[in-house]
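The values are calculated or read from the model by the stated rules, or taken from the named source; none is laboratory data. Bear in mind the structure is a predicted one, so any value in this text is a computation, not a measurement. FYI the Cβ positions are ideal-geometry reconstructions off the backbone, even for glycines, and counts take in every protein chain you see. SASA here: full protein model, heavy atoms, side chains in, ligands and nucleic acids out. Shrake-Rupley method; radii C 1.70, N 1.55, O 1.52, S 1.80 Å.
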Amino acid sequence: MSNPVVEASPAAPAVTWQEGEALARKASARTRRKRLALLTAGWAAMFLIWQLAAYYLPFGVLPAPLEVGEVMWDIVVSGAFAENFFASVGKTFLGFVVATAVGAPIGYLMGRYDYWKAFFHDGVTVAGTIPALTYAVLSLIIFGISDLGPILSVALVSVPFVAINVAEGVRGVDQSLVRMSQAFGRSSRQIRREVFVPTLVPYVFAAIRMSFAVAWKVEALTEVFGGKNGVGFQIRSEYQLFNIDGVLAWMCLFIIFMLIVERLVLRKLENRVLAWRPEERVGK
Amino acid sequence: MAVLTVNDLCKTFGAGTARSNRVLDHISFDVRGQTFVSIVGPSGCGKSTLLNIISGVETHTSGAISVTSDDGRPARLGYVFQDPRLLPWRTVRKNMMYVQDKDDEVTRGRVDRYLDMVGLGKHGDFWPGQLSGGMQQRVGIARAFAVEPDLLIMDEPFSHLDAITARGLRAQLQDIWAQSKKTVVFVTHDVVEAVELSDRIIVLQPGGRIYEDITIDLPRPRRQSDPAVATLQAEVLARLEKMKAMTPQVAASV
């Protein structure tokens, strides 16, 4: 009869707290470097394909990246970039303001009351699936060639995003926190400010992020058809001159600008406002 | 002086309908100031309903209930829930301040003092998400004490914690209570916990009547390891077993 002997496993080498911290830091630096390398490789591959395509396609179909780069540089240096982008950004921003003013109350009603949910649900869903082009055309018919067209089309395309997300946020409010607040005698104003608004903030950010990408496109599109200035207008002008360099240059500037706004401005702002979320802290 | 007076209280859900269900049946008791009273009973005996009526969340069908303060101003209630119920987007200290009526030096000092008492004096600027479940519940307890309530209501505050954490928190609760001497109504289904903490245990039976009103006269601080505590726990448990035997129609789990 032999009892099973439990042998102590050989002790892992002792690591001090500082050593552990240093190891973890090194590992996360390694992940960061790897991600950066992949990103660079992706961009390099894209430029290479573009360069090769420009070389093998018949002359004049696709200009090489460097040529487009030169035109981009000219646009930026001449001041046309700043002028037209500010025009477009201004219109998009105004469209967002209108969309929030209309969409947020609709979303609040939908999230709070079944009656209003039934009332708005189909309309909002349908509005969200209508192609952005339709809104662009509609805005042009209503306002003709003016700044109001792009503003209206941005507003129309963003309202469903804002409404659906705010409704989701209102439904996501933790009722046990509301009851806790009531039990401690908090006023409905305090409950709105301390429970409802903080719950809604992430949803509103999601709405802005989602509608931002679509709103920009429809804004530019409306300008193509009926703008007086702005990025879309410039793309159309170059198109009328059969100037592919110009079209591509404006397009690239447009993409770069969007990436900067999305990655830097919105993401940074979101991380700051939502610092309390555990998943936000992990990345830091 | 009685802080909480419950007189001939009845509660019937769906009164006058075919599904009429009486959950509290002519209940009367007083809770004197500075005492720790537990309400114990199997699931479905009306503990939660009684608590909801005391806190004003639910109305009663007949009878009277009143909470009074020492000095005539409206009585202030403090709550500890089963879960911590902290605002995740506010730091620990801001969570404590949220339920305070004033934001002055005295209040901030009091909040910090209670945080110290639950051993979280250094965690005031942490987000709740950075704390363990037990630590969050300690914040919940500190928050309730820090409003200096006339009556502190605790609704099974340790039932979601593991045994070791719960034991530590019970010891801590006794210390804070000994220092602050608040009037506490503590609801639990755990008799052992009730004996360790209370001056008095009110046992509810299925159907919503008071089965027994037991005075616990043991010196404090009490610890679970104390033989006198263990003896009394066994005795109270035996009495509840008897009650359970008398009401076999209800699958009671005491």
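Overview of results
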item: Other-chain or far-sequence residues with amide H under 5 Å of B:R209's (modelled H); result: B:D25
item: At q = 0.15, 0.16, 0.22 Å⁻¹, base-10 log of I(q)/I(0) for the range A:159-263 (Debye sum, equal scatterers on each alpha carbon); result: -0.73, -0.77, -1.07
item: Quotient of Cα Rg and 2.2 N^0.38 Å for the range A:97-174, N being how many residues it contains; result: 1.18
item: Where A:W116, A:W17 fall by accessible area, highest first, once all protein chains stay in place (1.4 Å); result: A:W17, A:W116
item: Percent antiparallel among DSSP beta bridges (both partners in the protein assembly as shown, rounded to 5); result: 55 percent
item: Spin-label proximity, A:L266 to the range A:86-129 - amide N less than 13 Å from point 7 Å beyond Cα toward beta carbon; result: A:93, A:96
item: For the range A:65-282, the spread of Cα positions along each principal axis, largest first, Å; result: 69, 42, 23
item: Nitroxide proxy distance, nm - points 7 Å out along Cα→Cβ at B:Q172 and B:K94; result: 2.3 nm
item: The range B:79-148: C-alpha pair distances exceeding 20 Å, %; result: 15 percent
item: Kirkwood-type radius of the protein assembly as shown, with distances r between different C-alpha atoms, in Å; result: 29.2 Å
item: Alpha carbon Rg of chain B, scaled by the compact-globule rule 2.2 N^0.38 Å; result: 1.03
item: Per-residue average of Cβ from other chains inside 10 Å of A:174-181; result: 4
item: Estimated inter-spin distance, B:R220 and A:R193, nm [label 7 Å along Cα→Cβ]; result: 3.7 nm
item: Calculated log₁₀ intensity ratio I(q)/I(0) where the Debye formula runs over C-alpha points of the range B:158-232, q = 0.13, 0.21, 0.25 Å⁻¹; result: -0.41, -1.05, -1.36
item: Area buried, chain B against chain A - accessible surface, total, 1.4 angstrom probe, square angstrom; result: 1800 Å²
item: Carbon and sulfur %, accessible surface of the range A:65-282 computed with the full protein complex present, 1.4 Å; result: 68 percent
item: Förster radius 60 Å - calculated FRET efficiency between A:V77 and B:A75 (Cβ-Cβ, nearest 0.05); result: 0.25
item: Per-bin percent of Cα-Cα distances, the range A:36-121 [5 Å]; result: 3, 11, 10, 9, 10, 11, 11, 8, 8, 9, 7, 3, 0
item: Cβ-Cβ FRET estimate between A:V102 and A:A22, R0 fixed at 60 Å, reported to 0.05; result: 0.65
item: Accessible area in the full protein assembly, largest first, 1.4 Å probe, for B:H26, A:H121; result: B:H26, A:H121
item: Taking only Cα atoms of the range B:10-75, radius of gyration then Dmax in Å; result: 13.7, 45
item: Computed [θ] at 222 nm, helices only, for chain A once each DSSP H run of length n ≥ 4 contributes -39500 (n - 2.57); result: -26000 deg cm²/dmol
item: Per-residue average of Cβ from other chains inside 10 Å of B:127-135; result: 2
item: FRET efficiency, 1/(1 + (r/R0)^6) with R0 35 Å, evaluated for A:T40 and A:E67 via beta carbons; result: 0.95
item: Residue-normalised accessible area of chain A, given per residue in Å² at a 1.4 Å probe; result: 63 Å²
item: The range B:58-125-the range B:1-41 distance, computed between alpha-carbon centres (Å); result: 24 Å
item: Largest-first ellipsoid semi-axes for the range B:137-187, taking √(5λ) over the Cα gyration tensor eigenvalues, angstrom; result: 18, 11, 10
item: Placed amide H near B:A75: partners under 5 Å, 5+ positions off or other chain; result: B:S69
item: Mean Kyte hydropathy of -1.0 or more with a Cα span along the axis of at least 24 Å, helices from DSSP in chain A; result: A:17-56, A:80-112, A:148-171, A:197-226
item: Binned Cα-Cα distance frequencies in the range B:1-142 - 10 Å width, integer %; result: 10, 30, 28, 23, 8, 1
item: Whole-Hz ³J(HN,Hα) from phi, Karplus 6.51 cos²θ - 1.76 cosθ + 1.60, for the range B:32-48, glycine and proline x; result: 6, x, 6, 10, 10, 10, 9, 10, 10, x, x, 4, x, 8, x, 4, 5
item: Extension reserve of the A:V214-A:Y56 stretch, reckoned as 0.36 nm per residue once the Cα distance is removed; result: 53.5 nm
item: Estimated [θ] at 222 nm from DSSP helical runs (n ≥ 4, -39500 (n - 2.57)) normalised by residues in chain B, nearest 500; result: -11000 deg cm²/dmol
